[in-house]
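Notes follow the structure.
The values are calculated or read from the model by the stated rules, or taken from the named source; none is laboratory data. This one's a predicted model, so the numbers in the text were calculated from it and none came from an experiment. Note that each Cβ is placed from the backbone with ideal geometry, even for glycine, and that neighbours are counted across all protein chains shown.
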């Protein structure tokens, strides 16, 4: 028995240069309850992609112009890196390995059983929902950190290294009482109470890793 779609607000985007395949796959997925949008080329799909679109991509591997692997590469660099499933009539082991290492959810031949294809789509939709939540949390964290001043960020950078107020004051050539004031402002703005929490949030936000690049 085929499971119902995880999220009916999500869409399965089919990308294939074969009109007959687009039509048959669209009919199949629509019949089991998925919202479907079909595209005859990778550039056409990327042109239509918006950051708020949720779902997954089912793409052919061999397409003229931009092939499936190039599509995967371009998609990964967008603000909406939807999970991708490859359906192809010309798969080979090296290409499969390359696609999976680059994050493809699955790599199937076009003659794969319907249940196998639908199961891969369900996994891809679940993954998209998880990753969308993670990206949303990351944006929220970075918004919180954006409220800190440059000096507060400097102090925070020392705090997450485990330094004491006296050490931070010496490093920044400021008064220790000023360090305490900055730390108070930091914890108030970020709504945390301890250096451990500050370190965890900064690490989760990738704050200082990003700033070092």
Would a scan of segment 150-157 turn up a residue that is in contact with a helix residue (DSSP H, G or I) (Cβ under 9 Å, 6 or more places away or on another chain) and at pLDDT below 90?
no
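For (1) modelled with pLDDT of 95 or more; (2) buried (at least 19 other Cβ atoms within 10 Å of the Cβ); (3) outside the structural domain of residue 114 (by TED's automatic domain parsing); (4) touching a strand residue (DSSP E or B) at 6+ places or on another chain (Cβ under 8 Å), each residue gets a yes or a no:
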| position | (1), (2), (3), (4) |
| --- | --- |
| 39 | yes, yes, no, yes |
| 47 | yes, no, no, no |
| 55 | yes, yes, no, yes |
| 66 | no, no, no, no |
| 76 | no, no, no, no |
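Matching residues to (1) more than 18 Å from residue 117 (Cβ to Cβ); (2) at pLDDT 95 or above; (3) assigned to a loop (DSSP other than H, G, I, E, B); (4) touching a helix residue (DSSP H, G or I) at 6+ places or on another chain (Cβ under 7 Å):
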residue	(1), (2), (3), (4)
36	no, yes, no, yes
61	no, no, yes, yes
79	yes, no, yes, no
90	no, no, yes, no
With 198, 207 as the choices, which residue is within 32 Å of the chain's Cα centre (by Cα) and free of Cβ contacts under 8 Å to residues at least 60 places away in the same chain?
198
Going through (1) out of contact with any helix residue (DSSP H, G or I) (no Cβ under 8 Å at 6 or more places or on another chain); (2) assigned to a helix (DSSP H, G or I); (3) in contact (Cβ under 8 Å) with a residue 12 or more places away in the chain one by one, residue 112 fails only at (2)
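I want to confirm something. Restricting to segment 92-124 and keeping residues that are at pLDDT 90 or above and in contact with a strand residue (DSSP E or B) (Cβ under 8 Å, 6 or more places away or on another chain), which single residue is farthest from residue 52 (Cα to Cα)? Steps first, please.
The initial filter retains those residues of segment 92-124 that are at pLDDT 90 or above, namely 113-124.
Among the residues that remain, those that are also in contact with a strand residue (DSSP E or B) (Cβ under 8 Å, 6 or more places away or on another chain) are: 116-117, 120-121, 123-124.
Details: 116: 28, 117: 25, 120: 22, 121: 19, 123: 19, 124: 16 Å.
Checked segment 92-124; the qualifying residue farthest from residue 52 (Cα to Cα) is 116.
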Could you list all residues from segment 47-71 that are under 18 Å from residue 105 (Cβ atoms) and under 21 Å from the mean Cα position of the chain (by Cα)?
49, 53, 54, 55, 56, 57, 58, 59, 68, 69, 70, 71
